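First the structure, in the form of structure tokens, and then the observations on it.
Each reported figure results from applying straightforward, stated rules to the coordinates on display, with no laboratory input. Remember, predicted model here, so these are calculated numbers, not experimental data. We place every Cβ from the backbone using ideal geometry, glycine too, and count neighbours over all the protein chains shown.
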Amino acid sequence: MTMNGKFENILIACITEHKENVYRLAYSYVKNSEDALDIVQDSIHKAFASSDSLRNTASIKSWFYRIVVNTSLDFLRKHKRIQVVDETMLESFAQGSEDVYSNIDLEKALDELPTMYRSIITLRYFEDLKIDEIADVLKENSSTIKTRLYQALRLLRIKMIDEKLEEVK
């Protein structure tokens, strides 16, 4: 199915308007500017190639963000740089038994979060998406996103508190 000109213009406008945001989003996963640019480029290509899968142009932003997130995750999987999360790992995060680094900052604490949590924090606080939009991007229901957001914030708080205690000793 070929894309009609009107839709193509809407997609180009969306990509142009959000190009810094989607670059930042890709960068938040791969931590490398060249890889992030490749992901954005791949995402744009995928968006044009799969435009017939978009049912409603009103949701084009979250649809495109979903492509960027999935492309980023695919990149990490392909390069074996994705964290698989299991219950044991979650417990170790919750108990603060991970290594503690001196002068930890928010970015480092975010990097240490499992990918599913980092995605939600990034989309919510750095891309300023609403819970429902994040649910749409990540193909989850809103209550799951709220729960994961709460867990992610709790894990970040534990990491930051642990670091402050280390500095005091």
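Let me have the relative contact order for region 1-79, percent, based on Cα pairs under 8 Å that are six or more residues apart.
Relative contact order comes out at 39 percent.
Let me spell out the model: positive unit charges on the Cβ of Lys and Arg, negative unit charges on the Cβ of Asp and Glu, origin at the Cα centre of region 1-73. What dipole size does that give, in debye rounded to 20?
280 debye
Which length gain, in nm to one decimal place, applies between residue 49 and residue 132 when the Cα-Cα distance is subtracted from 0.36 nm times their residue separation?
27.3 nm
What are the ³J(HN,Hα) values, in whole Hz, obtained from phi via the Karplus relation 6.51 cos²θ - 1.76 cosθ + 1.60 with θ = phi - 60°, for each residue of region 136-141 in sequence order, with x given for Gly and Pro?
Working through the residues one at a time gives 5, 5, 8, 6, 10, 8 Hz.
Determine the gain in length on full extension of the stretch residue 73-residue 34; use 0.36 nm per residue of separation and subtract their C-alpha separation, reporting nm with one decimal.
Value of the extension gain: 12.5 nm.
Using 0.36 nm per residue of separation minus the Cα-Cα distance, give me the extension gain between residue 140 and residue 153 in nm, one decimal.
2.8 nm
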